[in-house]
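Shown next, in structure tokens, is the structure this report addresses.
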Amino acid sequence: MPNIPVSIVGLKKNIDIVTPIFPVIAGAFAPFGITLTRVIGEELDSDPETTTGGWRDLIARLQEKSKAQSVVHLVLTDDCPDRIWTINGQLRDPDFRSIAAVYFGADLFWKDGDPLTNINLVTQVCIHEIGHLFNLIHDDATPLKYSSAMLQATHRNDEASTVAWHAAIAEAADNHEAPLIIPDPVTYYPFSSICRANLRSATTGSPWLPFQKNFRDMGDDTDEIGDEYVKVDVARRDRHSRIHIGGEIYFTLSITNRRETAIEIPYDIGPQYGSLRVCVKHSDGSQTYHRPADYCCSGARQILKPGESTFRSLALSGPLTGGLSPGSHTCVIKLVDPRAQGNAVLGRTVFNVIATADVSLAKKSDALRGLMAGKRKSASYSKDIRGIPKECPLAAHFALEHAIRLKSNRRRRTLLRDCQRPIVPRAIRHMAARHEYNLRMRDGENREEILREIRSRFRSKRDLELFDLIQRIDRPAREKNREQ
Ligand SMILES: [Zn+2]
């Protein structure tokens, strides 16, 4: 019977919210033979998102502790990654599974009150994130017979937890599982049958326990169902089809509703949200799937009117292109809806990439990934970019990652501005602009002035995503949250 110590780390006011409900959170796992014990963890003075390298340092520190003491961490902060407020929680280290985070500043907790008045929601998100530590993934919630704990929070809106429990109890009886006992009071959702089986497996040791390198979200088994009512295209001139082996892939997607009625699609689109599956088909017929380094829980939706398009720019780095041979390959992109039965494919597109073998660039890509994963410090910027042709997207990506980590504001601003040149892939330009915006806001500059200047550099409708995200950054509720 595994006993997993859970260290509660974070801002004091958030720790104070979760501490009293911890027995309820632990109670969700108890029927499967898993005992969660609360351990008093580090109290943070400030949000890691607000300090340069804050998250990197925190994750490194907590992982050390996990490795030494076999303790998992539930991190409770306000700010979501990159202050994208649609993200409620996250498995911070899919490569080890010891750190789960819940973001109290997320839209979810503020839509109707605040985290203190939405205690049940806080309980549910904590249970969901701890579920990821036990190797449970969002796909485990399908087929969608009822709203379960591993379904993303906003997707459970339309079903009361009591209704979901009665459905789960009936299902468990049908499966001849041990009877489920409905919690009293019912403040959270049940685990679905796949989750229950997986959690029970955790009692026999096995890959289900935390502290292991086998997080399951490979994204390689998308069902080929769905009626593809969305037209997905890689936008012209925004595809960087020449790639180097082991390098990054950059592209902009245009997503259009081809129906005659309005439709709802995921708002957060990318492999890390489970809404996009990307693979490269090799010339010998084999495939490599993109495996995101992050696992974010969002579930936010957007409405597309008939004929309306939305754009998303992506920079995919990872071992996606590692096993390629030089030459032409096909990159397959599928937009999936995690809310639909079996992850229905909403639309798909393919584009060709031409891979070249460049040993020195492959090494540079490795260095960049090390930097992004926080495994390297950024002391050697000039060494890192040495030998990368200026027009190569990798040079700009390096500049951005270094800029984020720089202490000197002036130097950082120059680099961020460099990353917004039109030649740079749109995803990198957008990230750089957002960082510039945040930086200048922090310096107390006038908001309208900053926006006017950024707008002068981003005039395409493909850039609407950038301004939508910027608009989400500042909300009165967050500011109130911060002052508390
Ligand atoms: Zn999740």
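Among (1) touching a Pro at 6+ places or on another chain (Cβ under 7 Å); (2) within 16 Å of the ligand (Cβ to nearest atom); (3) within 22 Å of ASN3 (Cα to Cα); (4) assigned to a helix (DSSP H, G or I), which single condition is ASN135 missing? Answer for ASN135: the failing condition is (4). Only one of the numbered conditions (1) surrounded by fewer than 18 Cβ atoms within 10 Å (Cβ to Cβ); (2) closer than 26 Å to PRO422 by Cα; (3) among the polar types (S, T, N, Q) is violated by THR261, and that is (2). Does the stretch 70-79 contain at least one residue that is more than 20 Å from ALA373 (Cβ to Cβ), more than 16 Å from the ligand (Cβ to nearest atom), polar (S, T, N, Q) and at pLDDT below 90? Looking through the stretch 70-79, none of the residues is more than 20 Å from ALA373 (Cβ to Cβ), more than 16 Å from the ligand (Cβ to nearest atom), polar (S, T, N, Q) and at pLDDT below 90. Between SER161, SER148, the distinction of being away from the ligand (no atom under 16 Å from the Cβ) and surrounded by 16 or more Cβ atoms within 10 Å (Cβ to Cβ) belongs to SER161 only. The set of residues from the stretch 82-115 being within 20 Å of LEU62 (Cα to Cα), among the polar types (S, T, N, Q) and within 12 Å of the ligand (Cβ to nearest atom) comprises just one member, GLN90. When ILE15, ILE59 are checked against the criterion of being among the β-branched types (Val, Ile, Thr) and at pLDDT 95 or above, a single residue qualifies: ILE15.
Yes or no, residue by residue, for (1) within 16 Å of the ligand (Cβ to nearest atom); (2) surrounded by 21 or more Cβ atoms within 10 Å (Cβ to Cβ); (3) among the acidic types (Asp, Glu); (4) under 20 Å from ASP463 (Cβ atoms):
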position	(1), (2), (3), (4)
GLU228	no, no, yes, no
HIS244	no, yes, no, no
TYR250	no, yes, no, yes
LEU276	yes, yes, no, yes
LYS281	no, no, no, no
SER286	no, no, no, no
TYR289	no, no, no, no
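Within the option set ALA153, ALA172, ALA235, being in the same structural domain as THR35 (by TED's automatic domain parsing), more than 25 Å from LEU91 (Cβ to Cβ) and either out of contact with any Gly (no Cβ under 9 Å at 6 or more places or on another chain) or in contact (Cβ under 8 Å) with a residue 40 or more places away in the chain (or both) holds for one residue only, ALA172.
Being aromatic (Phe, Trp, Tyr), buried (at least 21 other Cβ atoms within 10 Å of the Cβ) and within 16 Å of the ligand (Cβ to nearest atom): is that true of TYR188 here? So TYR188 fits the description; yes. Scanning the stretch 70-82 for residues that are within 22 Å of ALA427 (Cβ to Cβ), crowded, with 23+ Cβ neighbours inside 10 Å and not hydrophobic (A, V, I, L, M, F, W, C) gives a single hit, ASP79. Give the residue that is surrounded by the fewest Cβ atoms within 10 Å (Cβ to Cβ), with candidates limited to residues of the stretch 383-430 that are more than 20 Å from THR50 (Cα to Cα) and among the acidic types (Asp, Glu). By that ranking, first place goes to GLU391.
The C-beta contact set for the stretch 124-140 (first residue assigned by TED's automatic domain parsing to the domain that holds ILE25, second residue assigned to a helix (DSSP H, G or I) and within 11 Å of the ligand (Cβ to nearest atom), distance under 6 angstrom, 6+ apart or interchain) comprises VAL125/ALA153. When each of ASP78, ASP95 is tested for being touching a Gly at 6+ places or on another chain (Cβ under 6 Å) and not assigned by TED's automatic domain parsing to the domain that holds ILE470, the lone residue that passes is ASP78. VAL18 passes every criterion in (1) over 26 Å from PRO183 (Cα atoms); (2) buried (at least 20 other Cβ atoms within 10 Å of the Cβ); (3) β-branched (Val, Ile, Thr) apart from (1).
When residues of the stretch 291-308 are filtered for being surrounded by fewer than 18 Cβ atoms within 10 Å (Cβ to Cβ), of a type outside the set (D, E, K, R) and in contact (Cβ under 8 Å) with a residue 60 or more places away in the chain, how many remain? Going through the stretch 291-308 one residue at a time, the tally reaches 1. In the condition set (1) at pLDDT 95 or above; (2) part of a loop (DSSP other than H, G, I, E, B); (3) more than 16 Å from the ligand (Cβ to nearest atom), ILE181 is compliant with all but (1). Would you point out which residue out of ARG462, ARG440 is farther than 19 Å from PHE311 by Cβ and either part of a helix (DSSP H, G or I) or aromatic (Phe, Trp, Tyr) (or both)? Result of the check over ARG462, ARG440: ARG440. Considering every residue within the stretch 116-127, establish whether at least one is over 20 Å from ALA168 (Cβ atoms), within 16 Å of the ligand (Cβ to nearest atom), surrounded by 21 or more Cβ atoms within 10 Å (Cβ to Cβ) and modelled with pLDDT of 95 or more. Yes; the residues of the stretch 116-127 include at least one that is over 20 Å from ALA168 (Cβ atoms), within 16 Å of the ligand (Cβ to nearest atom), surrounded by 21 or more Cβ atoms within 10 Å (Cβ to Cβ) and modelled with pLDDT of 95 or more.
The values are calculated or read from the model by the stated rules, or taken from the named source; none is laboratory data. Predicted model, so just to flag it, every value in this text is computed and none were measured. Positions of Cβ are backbone-derived with ideal geometry, glycine not excepted, and every protein chain shown enters the neighbour counts.
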